[in-house]
Structure formats: structure tokens, C-alpha cells
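Everything on this sheet refers to the single structure shown next.
Values quoted throughout were computed directly from the atomic coordinates according to the rules given, and no laboratory measurement underlies them. Worth saying up front: this structure is predicted, and the values here are computed from it rather than measured. Here the Cβ is made from the backbone with ideal geometry for all residues, glycine too, and neighbour counts use every protein chain on show.
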Amino acid sequence: MKRTVLIPLAVAMIASVAAPLRAERLKVVTTYPYIASIVEQIAKDTVRVDALARGDYDPHTIVPKPSFIAKLRKAHLLIINGAQLEIGWLPPLLKQANNASVNPGTRGFLDLSGHVTLIDVPKSVSRAQGDVHPDGNPHYYIDPHVIPRLARAICTKLSEVDSRNAAMYKKNYDEFAARWKAKRASWDAKLRRLKAAKVIQYHKNMDYLLIRYGLVRMGTVEPLPGIPPTSKHIAELEKIFESNTIRFILQDVYNADDSSRHLSKKFGVKMVKVPHDVGAVREAEGIFSLFDEMVRRLTQ
Amino acid sequence: MKRFTVILLVFIFSVAIPSLRGQDGPDAPKEPAQKELRDDSPADLPNYDDDDATLEPRNESKDPGNGSPDEPENYDDEERGAARTAPKRDAQSMKEGTTSSPFSQSQFVPDISFVLDASYNHRDRDNEIYKTQLRPGFIQSMSGEAEHEHVAPNAVMRGFNFNYAELTLYSVVDPYFDLFAAIELTTAKVLIEEAYFCTTSLPFGFQLKTGKFLSSFGRINEQHAHNWDFYDAPLVYEAFFGGDLNEVGVRATWVAPLDFYLMIGAEALQGANAASFGATGFADHNETMRVRDSDDPNLGVGYIKTSFDNGDLTVYMGASGAYGRSRINHGVDQAGVAGTAIAAHSHVLGADLTLKYQFDSKRYLALQTEYLYRFMDGAYYAKNETDIVEEYALVKRQSGLYAQLVGKFAMRWRAGIRYDLLAVNDIKLDGIKESLPESLPRYSAMVDFNATEFSRFRLQYNYDHSMYVPRDGSFASRPNHEVVLQVNITIGAHGAHAF
């Protein structure tokens, strides 16, 4: 009885030890789908990339699953958004994955937030202000101008972990950057027409885009980050609607939209459901179509 | 031990408090927490347009790979002075760097959190009657004659209860280990709930844990009470482990490099659990009977856990086994007390299954069930009327299970029902089956409101049909109705959710 269990176990353990010895595709795990999409642009088929979170779920509160542990266990490279966006779900999974090569601080770990400048870094941090991010607003990737920077960081990291293919990664990055630049020119042209438009968002997850194109942020539907709308707060917002011409209410796809819909109906202001990640809506299939769809929804 | 804990606490606070002050600085402007509703002064974003340039050697040369921005210079050459904020901050931090103590340790303070758990309990039995109740054959009594003082769960009296507070500390130790400690504080005592260090850099999917920790036996055992879906532990865990299996020892786990989750673990533990194990021998008051201490370590635990997803459904299964020697002494060493004791070899086997269906980002439905079986083989000691210890051959076969269905049906609300059962209760003394009640159930329902991840209010109702009182040499059923209003509050470090 004992032997029948132990022999397959020993075989499996030896196999796992031996597995890294034979050449295999680099396994990249990303926390969010948008990062996976950028990795695909840089690495094409040379790596296997898996995103843990679903793009249509709240990125702050991804529900952890043991299958994530299985993916992290086999990863050669883990790329995260950082700025504490993953703090509520990733650390125990990483701990349980027993994979020393993707722990923070190791070569197989990349925190993209270290490559950008974050806004709204709070001067003092208190949870009386809701679900605050001490490092600043973590939704920095919702800005077409920052994506090449992230792609470059990913390219550099891939070249470091897998130096044999460095030339190919660089070539792909150059192609990607050129395509992105062309695409971005058309997004810029469309979005610049929204300059000075006043908007209300559900959560401050579009700030980087709004600031980039000079839209005016007039408030959020949630009273504090992570706290659902209250009637008192909605009454305050209604005053803003009464004394300003609000162009849009920006609603994400994962929070309840009752309050946004109520405001939209009451003041005749359009509610736009903006995709925040690849997979948030059907049309956002990759990093290009994510921004295509974002721009289309904002400008149609 | 107590003194050590006090010293530890004093040390923690002496490190933490000055460091917190040091971070804010006495001259840091105290800004009131202001609600920012309107923000029409657009902050500047850096211009990343120079990134469009193809990758030049400067980028490939010196990225340390630690997530630090590779080229701060990139921010400099832009049209509209967009990088104003970043250099300003840098200058400020440099200034702080020159004024602060060169020996400051504040960055090394561990993650600290503090949990408070309190409840208001109501029961349709007086405390005096409740204290005499028991679950025959499972909790507190072998065959009815040993009535010594009760421990949890019967310790929860009616009215306000301060259940516990828990101080947790976590930090990476060095490149090889991390350390976690949970110090449980009650109004009367300080306990090390857990304190262990763990490897972080073993290859091939292995991990070692050493210290005092909650065993990974079964599904719920490893969870701290504040992560439970109900106010109380499942009956079968109360019966077999006195709540949980929390031991000093070593644990090794291995995660298989497969496309689905497969984890195998083994633990060597001291085996001090008072409900099923125990290493300390005993003798009666005049030494006519003596049972030696068992060999240490006394308890071995092993388990295998696996999980896979099918669309939005996650399936999680596990099988666990524990084998150890039992030395359980209920007053057999005291003169004039109707004491009993057990010396046996004990097995506890467990199987668990969790099915969790995620409807969307905020809502799920989870079914969780565990079945535990206990087999004890050894000797039972009981005193007769003349205070003389008599020995019987003991064989215990007992089992229990729970099944719970918990739904999160809105962002802040959850509700659940649970069915507990102590099922088989087969105890033979010298081959003769004891007359004990079988199938002891408890029914629970709960609803909880989570204002944020840090504050939870829970209302729970139990119909506890597992309670009995001794009567005429047998047992009479005494079911209880219980209502509990529980509050659980956390401050400090952000505890992430496990599955």
C-alpha cells in the first residue's frame, strides 16, 4: 500500500527536478491580461504567457484560486502591475507556489510600476480615506503614452531572462513601438477633442487617461475608494451635476452601475462603460483593441 | 513563556512607535483627511514620447532588474516640463536622507496587524446548565462519569464575550527565510497561536516550515478563526482536535509542476493536542498504575491536495491523515476524583471537498464539506468506587462531518448555512460496546456584513442538537438555541485572502 503511493511520488519528484534540464518554452505569468497582451507582442510564440486575473473582474479583489498557484509554480518570469494593486490577492498565492525564481527581488520578477511615475501619492495614509494606495494611483497603464515604456521594460526583462532570444525581442519591440506610435496618433487626435470636458468616474481608475488628454475630473460616484455609493454622497454629486455641464459618467464593468445609471437618467448625461483591461468587454481582445475600444466608446 | 511574550511586545512597540513617528516626522504637515470630490487642477503626467525611439544600447546595458526605473533621464527632455514633480520629490527625499539618522531601522519593521474579535451571545439555557452539557464519547467524557471542568466551546457564556485579540507579525528574514507570528491575547493570557519560519528559496517546489503552526490537515484547520465563514469551528474539529490541530514541529510541502494544482505535504509534530493525542504519561495518585511518556515527536501528519478549474467553477479536494500516540489524562492522577485516562494509538483521517462558483467579480457560491474519521486503539483507565484504577481494552471508532454553503450575494454581504454531524460513536471497552448516542447534529445559519475588508459584523443562529446531560447512568438530549452577534475588526497590514 505504502509502496504503491511512494513510487509514483518519487518518480514525479525526480521528473520535476529533471524537467528544467530539458529545453522548454519560457513560461511567463502576468497578473493582469493587459500585461500578457504586451508580452505576446514582444515575445510572439517564443514564450508561453498566462494571465492570472480575468480582465472583466475588479483588479483590486481578484478571487484567488489554487490554479493560480499551479501557474506560478512553473513560471520562469512573473510580471505584475505593482503599486499595491495585487496586494489583496497575490502574496499568499506566491507564497504557496514554492517557486523561488519568481519571488520579488529575484531575476524572474518584474514590477512594472517601478518604470513609471505614479500620481496621487498620498502625503498621509489612513484607511479612513477608504482603500488607499500608499504608492499612488495604480491604474497607470490606462494611458496610451505609457504602454511603450511598459513594453520596453518587458523587453529588457525578457532579454535578461532569456538572452538567447534578445535580438528577436528587440526586433519585436521596435515593430510594436512603431505600430503603437502610428495607432496612438489617431487616438491622440480623437481624444484631444475631449479636452476640458468634465467627467465623473465611478472609481479613480481612468485618471491617467483623463489627465493626459486634459479632461476635468469632477468627482467619483463612490464616496471613497472601495466604498459603495451612499445617498448622501449621491446628493452631493447631484449638486455638481446641477451647476456643471458633465460630459460623461465613466463606469467600470465590474461595479454595480445603479448609481451611475440613476445620475445618467436624471441629468441626461451619457454613462460610458469603459473597459479597464483586456477582456473587460468582448471587443477588447488585446492591448491595441483595448485602447481602440476605449477611444471608440469615449468618442462615439 | 509569558514573560518572553511581554518582552516581545515591549520590544515590538519600542521599535514600531519611534519608527512611525520618524516616518511622518514631527515637522511633517498634518493634513486633514480631505475628501477630494472635485479635482480640476490636472496633475502633470510624464512625457514618455522619447520611449518611441528604438531600443538603444543604453537600455540594454544596466537594468538591475529590480523594478527600479531604468533611466530617470528619460523624464528630462520633454516639451512642457512635465517631470517637475518627480525631481522635486527626489530632492526632498535627499534632504530627508541627510537629516535622518543614518542608523534608522524603520524600514525593517515587520508587517503588523491587530485583530479584535468580540461577540454578544444568547442561548436559551442558563450558563450553569450549559456548563454541565457534553457530547458523550466526543467531548469531555468517555462514559459519563468524568465531570471535570469544561473547556471551550462550552466556555462561551451568555452576554458579551471578548473572544480574542490577535497580533500578527510578518517579515522576510533574509534571502532564505520569512517569519510569521500570530500572538493571541485574551483578557487572561497571552498565547503564541503561531510562530514559524519558512524557507523562501528552496528549489524544485519544496518548502520547509518550522515552529509552532496550525497543521495543514484538512481544509479548515489551517485557517485562523477570523477567516472562518462561521463564528465557531465545525463540531468535528471541536470533537477531534479541541478546535484545531496546532502543534510545534516541522512541515515540508511540495507543489507539483503540473497544469493543475497538486500539493503534497508531511508534518512531524510534537503531538500535544489534548483531544486526540498527547505525549505526557500519567500515573494514579498511589502509583499502582503508570503509563510512560510516548516517544517524541509523537504525531505525524500527511496530506495531498489538488484543485482544478472548470470555467467559473473551482474544485478543490484534499485527503489527510494523522497518526500519533495518545496520552489523555482526565484527572486519573488525583485522589478522590472519578478520573479517567486513555493511552492509545490514534489515527485521524480526513477528506475534504470545496466547490466554488464565481458568478462575477463580486459574487460567488461555495460548497465546502469535510469528513473526519478517528480510530483509537489502546487502554482506557477509570477509577471505581474505591478510588482504584481499572484498566479496559479500548477501541474507539468515531466520525463526523460538516457541510456548508456560503454565498456572497453582494459586494458587502454574505450568507451561509452549515450542517454539522458527529456521526459514528462506537466505543468498545473490553469488547463491549458502550451505550452512547449516535448522530449528534448541529444546524447553523449566518449572515455577515463586511463594511470593508477590515470590519465585519456577523449574525449567526445555531440549533445545537449535539448536547446531552448525564441522567440515570445514561444521557438525555438537551438541544440549545444560540444566537451570536459577532464583530471582527482588523487594523494594520493588509491580510490577503487565501482560497
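Numbers below:
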{"quantity": "Choice from A:Arg48, A:Arg127, A:Arg261 showing the highest fluctuation, given a GNM over chain A with Cα pairs closer than 10 Å", "calculated": "A:Arg127"}
{"quantity": "B:Arg471/B:Asp293 FRET efficiency (R0 41 Å; Cβ-Cβ; nearest 0.05)", "calculated": "0.65"}
{"quantity": "Within chain A, percent of DSSP bridges classed antiparallel, to nearest 5", "calculated": "5 percent"}
{"quantity": "Residue order, fewest to most beta carbons within 10 Å, for A:Thr117, A:Thr30", "calculated": "A:Thr117, A:Thr30"}
{"quantity": "Added length on full extension, which subtracts the Cα-Cα distance from 0.36 nm per residue, B:Phe108 to B:Leu208", "calculated": "33.6 nm"}
{"quantity": "On Cα atoms only, tilt of A:33-43 relative to the major axis of chain A in degrees", "calculated": "60 degrees"}
{"quantity": "Whether chain A is rounded, prolate or oblate, judged on the alpha carbon gyration tensor where a/c under 1.5 counts as rounded", "calculated": "prolate"}
{"quantity": "Alpha carbon convex hull of region A:24-186, projected area averaged over orientations, nm²", "calculated": "10.3 nm²"}
{"quantity": "Nonlocal amide H pairs with A:Val216, under 5 Å, H built at 1.01 Å", "calculated": "A:Ala196, A:Ala197, A:Lys198, A:Val199"}
{"quantity": "Residue-by-residue Karplus 3J(HN,Hα) for region B:476-481, coefficients 6.51, -1.76, 1.60, Hz, glycine and proline x", "calculated": "10, 5, 9, x, 10, 9"}
{"quantity": "14 Å cut-off, amide nitrogen to a point 7 angstrom out along A:Ser186 Cα→Cβ, residues in region A:280-299", "calculated": "A:288-297"}
{"quantity": "Relative contact order (%) - chain A, alpha-carbon pairs under 8 angstrom, separation at least six", "calculated": "16 percent"}
{"quantity": "DSSP-defined antiparallel bridges as percent of all bridges, region A:193-258, nearest 5", "calculated": "10 percent"}
{"quantity": "Karplus 3J(HN,Hα) series, Hz, for region B:438-443 with 6.51 cos²θ - 1.76 cosθ + 1.60 (x for Gly, Pro)", "calculated": "10, 6, 9, x, 9, 10"}
{"quantity": "Whole-Hz couplings from phi, Karplus 6.51/-1.76/1.60, listed for region B:278-284; x for Gly and Pro", "calculated": "x, 10, 8, x, 8, 8, 7"}
{"quantity": "Radius, Kirkwood style, for region A:192-299 when every pair of distinct Cα atoms is counted (Å)", "calculated": "14.1 Å"}
{"quantity": "Burial ordering of A:Glu285, B:Glu267, A:Glu242, fewest other beta-carbon atoms within 10 Å first", "calculated": "A:Glu242, A:Glu285, B:Glu267"}
{"quantity": "B:Gln334-B:Glu128 pseudo-label distance in nm [points 7 Å out on the Cα-to-Cβ vector]", "calculated": "2.1 nm"}
